[in-house]
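Encoded as structure tokens, the structure appears first; notes follow it.
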Amino acid sequence: MPDPVIIATWPFGMTAVRKGLALLEAGKAALDAAILGAQAVEDDPEVGSVGYGGIANAVGVVQLDACVMDGKTLGCGGVAGVENVRHVAALARRVMEETPHVLLVGEGARLFALEQGFRLDTLHTPESIAEWEKSRPRAGREGRDLAPEGTFPSDSHDTVTVLALDQTGSLAGVCTTSGLAHKRHGRVGDSPLIGAGLYVDDHAGAGGGTGVGEEIVRVCGSMVLVEAMRAGKSPQEACELAIARVNAAAVRRGVHPARVAFIALDPKGRTGAACTKGAKFEYAVGRKGKSELHTARETG
Ligand code: SD4
């Protein structure tokens with residue numbers, strides 16, 4: 001059996017990796033380790049793009065997106081546009097385990113959270129309110145946003161995506177985020193969508209994304225990279241191939257590729273990561289009791 005491995009997006013992914021690695025090394029299942037790792041980031045008010053303290057949308061409301069997937073059974077669940085629930089990754093797991101569905105949205109997801117005994121709470125912190133106030137889109141005289149839709153502060157949208165391999169050789173993944181800063185009310189990105197922000201199959205590998213969700217959805221990014229591993233590519237080659245798809249889609253639309261990154265983990269415990277040019281993507285990897293930060297290869 002392979003040594004347990006865990007990989008997570010961005011420097012704050014170190015929090016998830018440290019927590020998750022300890023659980024994996026204690027013999028916990030990949031899904032438990034990935035969710036509890038991600039939850040440590042959701043709970044961290046200093047991470048302004050995930051869970052508590054997450055960045056608000058265009059009208060000042062925090063709407064969270066998340067999904068989970070179990071590589072052994074292909075069980076999966078997601079929630080989108082959820083307000084007032086901090087642990088949306090755990091809520092996505094309840095969708096997977098307690099309902100016949102894979103995705104609940106908005107008020108329905110919030111009612112389901114109440115039914116499942118989750119606490120409703122504010123997701124704002126004094127710092128996140130001040131940050132939103134400083135950078136929010138201002139309405140022009142006709143009430144239209146002065147910032148054209150789709151231009152987002154480049155450093156204020158970061159998702160934690162966590163992929164884990166446990167001691168039994170099983171894979172699982174989690175993706176959780178407050179999404180793009182100042183997104184339109186009701187906008188849903190890639191993060192709660194199976195095949196876009198996350199895909200996991202023990203027979204092929206695990207893949208997850210971060211960055212501008214529309215560009216990830218357009219190419220079904222995580223599905224593409226898991227299928228590449230199924231066809232024999234290494235996790236690194238698979239991530240580069242998914243980024244090449246994002247780049248090619250941008251060329252066809254006559255735009256510059258947006259900031260997008262992927263991470264991957266295969267059943268042998270090999271990892272990979274790649275990002276679009278200029279995305280400056282860092283990710284955390286934990287194995288054999290050690291957690292390290294790496295910089296992904298930019299793929300042009
Ligand atoms: C979204 N993919 O809502 C998320 C945001 C993100 O790094 O990952 N930012 O589009």
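The values are calculated or read from the model by the stated rules, or taken from the named source; none is laboratory data. What you see is a predicted model, and the numbers here were worked out from it, not measured in a lab. So basically every Cβ, Gly included, is an ideal-geometry build from the backbone, and we count neighbours across all protein chains shown. Protein only, heavy atoms only, side chains kept; ligands, DNA and RNA dropped before computing areas. Shrake-Rupley method; radii C 1.70, N 1.55, O 1.52, S 1.80 Å.
Key figures for this structure:
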{"quantity": "Accessible carbon and sulfur surface of the chain relative to its total accessible area, %, 1.4 Å", "calculated": "52 percent"}
{"quantity": "Computed label-point distance, nm, for sites Gln167 and Arg138 using a 7 Å Cα→Cβ extension", "calculated": "5.8 nm"}
{"quantity": "Fluctuation leader among Arg187, Arg110, Arg94 - the chain, Gaussian network, Cα springs under 10 angstrom", "calculated": "Arg187"}
{"quantity": "In order through the stretch 179-193: 3J(HN,Hα) via Karplus (6.51 cos²θ - 1.76 cosθ + 1.60), integer Hz, x for Gly, Pro", "calculated": "x, 4, 4, 6, 4, 4, 4, x, 5, 10, x, 7, 4, x, 9"}
{"quantity": "Note, ³J(HN,Hα) from phi for the stretch 94-108, Karplus 6.51, -1.76, 1.60, rounded to Hz, x at Gly and Pro", "calculated": "5, 4, 5, 8, 10, 9, x, 9, 10, 8, 10, 10, x, 4, x"}
{"quantity": "Of Ala250, Ala274, Ala58, the one that fluctuates the most in a GNM where the chain has Cα springs shorter than 10 Å", "calculated": "Ala250"}
{"quantity": "Gaussian network model of the chain, springs between alpha carbon atoms under 10 Å - residue of Gly106, Gly286, Gly78 with greatest fluctuation", "calculated": "Gly106"}
{"quantity": "Cβ charges +1 (Lys, Arg) and -1 (Asp, Glu), total dipole of the chain, debye", "calculated": "620 debye"}
{"quantity": "Difference of contour (0.36 nm per residue) and Cα-Cα distance, Glu107 to Thr73", "calculated": "9.4 nm"}
{"quantity": "Spacing of the two label points (7 Å from each Cα toward its C-beta) at Leu114 and Glu298, in nm", "calculated": "4.8 nm"}
{"quantity": "Shape of the chain, Cα gyration tensor, a/c cut at 1.5", "calculated": "oblate"}
{"quantity": "Selection from Gly195, Pro126, Leu171 lying farthest towards where the dipole of the chain points positive, charges on Cβ", "calculated": "Gly195"}
{"quantity": "Centroid-to-centroid separation of the stretch 237-290 and the stretch 1-58 [C-alpha atoms, Å]", "calculated": "19 Å"}
